[in-house]
Amino acid sequence: MQNAFWKIVIIVVVIGGCLWAVNPPEDRIRLGRDLSGGVSLVYSVRMPEGADRAALLDQTIRVLSERVNPQGVLDIALTPLGSNRIEVVMPLPNEEVKRLADAYRDRLDTFVVATEIKRSALERTLADGTAVATFGGGSLRGQLVADLQTAHDTALALRTSLVAAQASGDEAAINAARQAIADAEVESEGLEEELL
C-alpha cells in the first residue's frame, strides 16, 4: 500500500510540474510555422550553362542564410527545390514583434510630421528673413534652406532694380532686370520644390 501512495505522489508532482512549466501556454510554448502560420517564397536561380547546379544552389543558399539570418537565431528555413529553385519559409511575426513594429511606425510618423515644412510657414519665414534660423541646421536640408533664402533675397533685390530701371526708361536695363528676376525665381522655385 505504501508503494502505491508514493507512486501516486510522484505522478501528481510530475504532472503538476509539467502543467507549471507550460502555464500560461501562450508565453511558454512557441508554435511552429505549421501551427502559427508563415510565409513561403520560392525563388528561381539563374545559372550559367554547364555550371554545377547543386554546388551553385548550395552556395546561394549559404550566402542567403548569412545575409538573412547571420546569427542563426531566426526560424527561417532555406531549402533547395529541384535543381534551380530555393524555398524560403518564414514564420509570421508574433504579437511582440507586431507591437514593436507598430510603435516604430508611430514614432516615425510623429518624426515626419514634426520635421515637415509647410509651404505657408516657409513663405512667411522667407519674407521676414528667418527661414535659416527656423528650418535650417547643419544638414542638407539646412543648406537647401540657406540657398533658398539667398535666392529669395536676390529676387527681392532684383525687383528693386527693376523698379529703378523702369523709372529710368532704359529698355535694355528693364529687359535685363526682368530676365534676372525670372532666373532668380526659377532657381527659388526649384529649391522650394526640392525642400518641400
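Within the range 31-93, the proportion of C-alpha pairs whose separation exceeds 15 Å stands at 54%. Within the chain, the selection of entire DSSP H helices by a Cα span of 15 Å or greater along the long axis and an average Kyte-Doolittle value of at least -0.5 returns 2-21, 53-68, 95-115, 140-168, 171-195. The Glu49 and Ala101 beta-carbon pair, evaluated with R₀ = 30 Å, returns a calculated FRET efficiency of approximately 0.10.
Taking every alpha-carbon pair under 8 Å whose residues sit at least 6 apart, the chain reaches a relative contact order of 15 percent.
Here the gap between Glu185 and Leu81, fully extended at 0.36 nm per residue and compared with their Cα-Cα distance, gives a gain of 31.4 nm.
Adding -39500 (n - 2.57) for every DSSP H run of four residues or longer, then dividing by how many residues the chain holds, sets the calculated 222 nm ellipticity at -22500 deg cm²/dmol. For the chain, the dipole from Cβ point charges (+1 on Lys and Arg, -1 on Asp and Glu) about the Cα centre works out to 1360 debye, to the nearest 20. Taking Val42, Val14, Val73 in turn, the Gaussian network model of the chain (Cα-Cα springs below 10 Å) assigns the largest fluctuation to Val14. Loop by DSSP (not H, G, I, E, B), at most 13 other beta-carbon atoms within 10 Å: where is the longest site-free stretch of the chain for GluC sites (Glu not before Pro)? Maximal segment without exposed cleavage sites: 117-196. FRET efficiency for the Trp20 to Val73 pair, using the beta carbon distance and R₀ = 35 Å, is estimated at 0.85.
Throughout, read-outs are computed from the coordinates displayed, never taken from laboratory work. As the structure is a prediction and not an experimental result, all values here were calculated from the model. All Cβ positions, even for glycine, are placed from backbone atoms using ideal geometry, and neighbour counts span all protein chains on display.
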